[in-house]
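Q: Can you keep this structure in mind? I'll have questions shortly.
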Amino acid sequence: MLLFTLEASRALGEAVAGHLGCALGRIEEREFDGGEHKVRTLDEVGGRDVYVLHSLHAEPGNSANDKLVRLLFFFNSLKDAGAGRVTAIVPYLAYSRKDRRTKPRDPVNSRYVATLFEAVGTDRMVTLEVHNVSAFENAFRLCRPEHVPSAGLFADFLAGELTGAEVAVVSPDAGANKRAELLRHELEKRLNRPVGKAIMDKHRSMGVVSGNLFAGDLRGRTAIIFDDLIASGTTIVRAAKASREAGASRVIAAAAHGMFPADSPLFGPDGPDRLLVTDSIPLAADLPAHARAMIAIVSASGLLGDIISCIDRGDAVSDLIVYD
């Protein structure tokens, strides 16, 4: 096994390597005038199984497009150098939210990204909590996709904090309902008692969010709002307000990918009482102290490391993944 990580995801890559008990592969990353760059391996990869970990999130000075092109070029260079099998470990996969046509002549960017990975010879794609699982799996034809839900990670973390509390899982919109149901089932297993459910209505068009319907009994319960990612934070804030109006005694928000900026309304009076995210994306560097105090990081490094080990042994990844 040979595991590489590009610089922008080094912290998570080092954590995964630590879990695997291996050193990261050596690479050279160079920047050139005009915004061009190159990445090359300093290790021999001929005939070897190679894993490359890199999240495709935007950050200051490094857009999602920059990271995508850098990763694609590196994959192609590994194939050119004779790598036997190359597996992409992309905890956050850019453009996954644009997975269908909602307007005439709309692009389907998630499928175009899949085509690019396949064009450079990617053998397997592993990603964490993608926006639409069916769209992700159907986008790939030549490359084997592996979707890793985060429900088990959050259920493990929350079980120790919810002892004795009445709990309900809240879906912030209809599209997240199956994801929320998965977390609810996992919590019921760990708490050994029923966990309630609720759902919030939401419509988004041309950047405008609407919808006010809310279904579910939250009276006296701890509400756990669960989604794949948090960007601006407005969806979570709407669900948090609705949960409190429905009688929730406490509101916790959880999402695999924390893309929120420092000035997000998440950290205002209408936001959740606590926020859980994985380390798939580093937190914004300029988050204020009060924001950091309410955030807990649930590391995905152990789960990703176990999946890499499973793939490397040729075992079934399904044995490690919670599906229903």
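Read-outs: derived from the displayed coordinates by stated rules, not from any lab. It should be emphasised that the depicted structure is a prediction, and the values quoted were computed from it without experimental measurement. Reconstructed Cβ throughout: ideal geometry from the backbone, glycine too, with neighbour counts over all protein chains shown.
Q: Tell me which lysines have Cα within less than 27 Å of Lys189's Cα, excluding those fewer than 8 residues away on the same chain?
A: Here the lysines satisfying the reach criterion relative to Lys189 are Lys178, Lys197.
Q: For region 151-298, what is the convex hull volume of the alpha-carbon atoms per residue, in Å³?
A: Residue-normalised Cα hull volume stands at 102 Å³.
Q: What base-10 log of the normalised intensity I(q)/I(0) is obtained for region 243-324 from the Debye formula, alpha carbons as equal point scatterers, at q = 0.23, 0.26 Å⁻¹?
A: -1.06, -1.24
Q: Still on this model: Which one of Ala262, Phe157, Ala231 has its Cα pushed farthest toward the positive end of the charge dipole of region 151-298, where Lys and Arg give +1 and Asp and Glu give -1 at the Cβ?
A: Checked the options; the winner is Phe157.
Q: For Phe73 and Asp106, FRET efficiency with R0 = 30 Å and r from the beta-carbon atoms, rounded to 0.05?
A: 0.60
Q: Please work out how much length the chain gains when fully extended from Ala23 to Leu320, using 0.36 nm per residue of separation minus the C-alpha to C-alpha distance, in nm with one decimal.
A: 104.6 nm
Q: Would you calculate, for the chain, the mean residue ellipticity at 222 nm contributed by helices, counting each DSSP H stretch of 4 or more residues as -39,500 (n - 2.57) and dividing by all residues, to the nearest 500?
A: About -9500 deg cm²/dmol.
Q: Another question, then. What size of dipole, in debye to the nearest 20, comes out for region 186-290 about its Cα centre when the only charges are +1 on Lys and Arg C-beta atoms and -1 on Asp and Glu C-beta atoms?
A: Value, rounded to 20: 460 debye.
Q: Can you sort Ser249, Ser318, Ser243 by how many other beta carbons sit within 10 Å, fewest first?
A: Ranked by crowding around the Cβ, least crowded first: Ser318, Ser249, Ser243.
Q: Could I ask something else about it? Can you list, largest first and rounded to whole Å, the semi-axes you get for the chain by taking the square root of 5 times each eigenvalue of its Cα gyration tensor?
A: Semi-axes (√(5λ), whole Å): 35, 21, 19.
Q: Between Ala285 and Arg193, what FRET efficiency follows from the Cβ-Cβ distance if R0 is 35 Å, with the result rounded to 0.05?
A: Once the sixth-power term is evaluated, E becomes 0.30.
Q: Straight-line reach from Lys98: which aspartates and glutamates have a Cα under 13 Å away, not including same-chain ones fewer than 8 places off?
A: Cα-Cα hits under 13 Å: Asp106.
Q: Starting from the Cα of Ser299, step 7 Å along the direction of its Cβ; do the same at Glu36; then give the gap between the two resulting points in nm.
A: 4.0 nm
Q: What are the extents of the Cα atoms of region 277-324 along their three principal axes, listed from largest to smallest and rounded to whole Å?
A: Dimensions of region 277-324 along the principal axes of its Cα atoms: 44, 24, 11 Å.
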